[in-house]
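Data block below; observations after.
The values are calculated or read from the model by the stated rules, or taken from the named source; none is laboratory data. In this text, all values refer to a predicted model and were calculated from it rather than measured experimentally. Cβ sites come from the backbone with ideal geometry, for glycine too, and all protein chains shown count toward neighbours. Accessible surface areas use protein heavy atoms only, side chains included; no ligands, DNA or RNA. Shrake-Rupley method; radii C 1.70, N 1.55, O 1.52, S 1.80 Å.
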Amino acid sequence: MTDLTGLEQARTKMTDAGVAPAAIETFTRFYHLLQAGETGLIREGDIDPLVDIPNRADLTISDDDASAALAQTAMLKLNGGLGTSMGMDQAKSLLPVRVAPSGAEPGAEPEMLTFLDIIVGQVRAARWATGARLPLLFMNSFRTRDDTLAALQRYPDIAVDGLPVDFLQNREPKLLSHDLTPVTWEKDPTLEWCPPGHGDLYPALHASGVVVALLEAGFRYMCVSNSDNLGATPDATIAGWFAASGAPYAAELCRKTPADVKGGQLVIRKADGRIVQRETAQTHPDDVAASLDATRHPFFHTNNLWFNLEALAAELDRTSGVLELPLIRNDKTVDPADSSSPKVVQIESAMGAAVAVFEGATAIEVERSRFLPVKTTNDLLVLRSDVYDLTDDYRLEAQALAPLVDLDKDHYKLIDGFSRRFAAGAPSLRDADSLTVRGDWTFGSGVRAEGKAALAGDGGTVPDGATIGPDGF
């Protein structure tokens, strides 16, 4: 296979592995863009900010219209991530994050709930409250599918007759940076593959036939979100607004705070007036300051999306699942845990970039409560703390402004080290503006952080019941 071009080698490898044809053709399109030196960068001078969008808080949707729209809605969770940045080797959605709510049915849930448990609880609660069938589907990766389906066996009632509970995300080969040929890694051949980013949603939907199955079952709308964002609960009001809008596609945006230094944003392309998405990786270094300026670009993308299933089915059929999304080049090492391993390129795309594909696509401003992602152990500590209460219908309600948490990466970045140091539970953070930890500290039970709390030095043990302030405890 060595006399073949890099693209031919990659296509053969994908075909032999049974990757869906739509995914192979999508990869081929991106490979040609990569060869041509395409970076996917969107320059500030070529766009205008998106500022004039409706606010969920101002909507006046009747209860009947909201309920009718939710009754035609399906929930889809992107569940392909392993949480490798936190040292995990299973589906990130299986990470324990909260204690069961006090009103939970005795014996119905484990004491410590995972993302998956809470998502199921949210959907069940919405079904009971509205009578909607509300299908829950997961887009799994080849690394998360088995564990996720095993965990879902505890919830036999979650499946909707005639619909699958999951479908499989595609995979693609990592490419050596110097010649764009597929990498070989005999130490762990699974590391030769990577997910194609969440833009793979479209070829995966096309290959699985899920959209057609939903339409045949009487559903018209689909809400898509990441499984690590527990704020993206079923929402009848947004469903009613989306149905009334007649739009084929809508994105949920949040207003920026000073802590929002990453994430995609929607902008208006000057060339044609079309709304397009600009990811952090698509921002030129000279434009970073402008992209982060909340007075110029006031919103960021939550990655919560709404689709009209008829419009989505038509586009998937027209393109055979190969939507013309922008390329995102992601430079990595073949083994993420070994910086000395060969440098590779991962070809990715963002599902939100499809906003430019759908004529009449729109966006809505939503409350910050619909964006509660966990990307690092810093986020996890806040989620496990008393900043949030988990309600009987499995929504996370903020009891205070979330503080900025910055834990020492040498000791807390990976979940095993984090868990050992917080074995007695998360400290109280309701009265904290921030918590900065430097050094190797193990936290006792009943610890409280106040104001700009900080720990420094080599480390040690924070005693039970201690209060941490700006000068430690």
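Points worth noting:
- Segment 165-176 - residue that is at pLDDT 95 or above and assigned to a loop (DSSP other than H, G, I, E, B) and, of those, most open to solvent (accessible area, probe 1.4 Å): VAL165
- Contact annotation: no residue pair with Cβ atoms under 7 Å, 6 or more positions apart or on different chains, pairs a residue in segment 331-353 that is modelled with pLDDT under 90 with a partner that is surrounded by 22 or more Cβ atoms within 10 Å (Cβ to Cβ) and among the hydroxyl-bearing types (Ser, Thr, Tyr).
- Cβ-Cβ under 9 Å pairs, at least 6 apart or on other chains, segment 422-435 side farther than 8 Å from SER385 by Cα, far side loosely packed, with under 15 Cβ neighbours inside 10 Å and of a type in the set (Asp, Glu): ALA424/ASP464
- Residues in segment 414-454 that are open to solvent by less than 10 Å² (accessible area, probe 1.4 Å), assigned to a strand (DSSP E or B) and within 30 Å of ASP89 (Cα to Cα): LEU429, LEU435, VAL437, PHE443.
- Residues in segment 261-314 that are in contact with a strand residue (DSSP E or B) (Cβ under 9 Å, 6 or more places away or on another chain), closer than 23 Å to VAL212 by Cα and part of a helix (DSSP H, G or I): LEU309, ALA311, LEU312.
- Restricting segment 326-361 to residues that are part of a strand (DSSP E or B) and more than 18 Å from PHE27 (Cα to Cα), the residue that is nearest to the chain's Cα centre (by Cα): THR333
- Residues being open to solvent by 30 Å² or more (accessible area, probe 1.4 Å) and part of a helix (DSSP H, G or I) - total across segment 19-71: 16
- Among the candidates LEU372, LEU323, the residue that is over 25 Å from PRO248 (Cβ atoms), hydrophobic (A, V, I, L, M, F, W, C) and within 21 Å of the chain's Cα centre (by Cα) is uniquely LEU372.
- Filter result for the condition that a residue is of a type in the set (D, E, K, R), within 30 Å of the chain's Cα centre (by Cα), assigned to a strand (DSSP E or B) and under 23 Å from GLY81 (Cβ atoms), over ASP406, ASP379, ASP389: ASP406
- Taking each residue of segment 27-38 that is under 18 Å from SER320 (Cα atoms) and looking for partners that are assigned to a loop (DSSP other than H, G, I, E, B) with beta-carbon atoms closer than 6 Å, six or more apart or interchain, yields PHE30/LEU327.
- Residue in segment 141-162 that is closer than 30 Å to THR333 by Cβ, touching a residue at least 24 places away in the same chain (Cβ under 8 Å), touching a Cys at 6+ places or on another chain (Cβ under 8 Å) and in a loop (DSSP other than H, G, I, E, B) present: no
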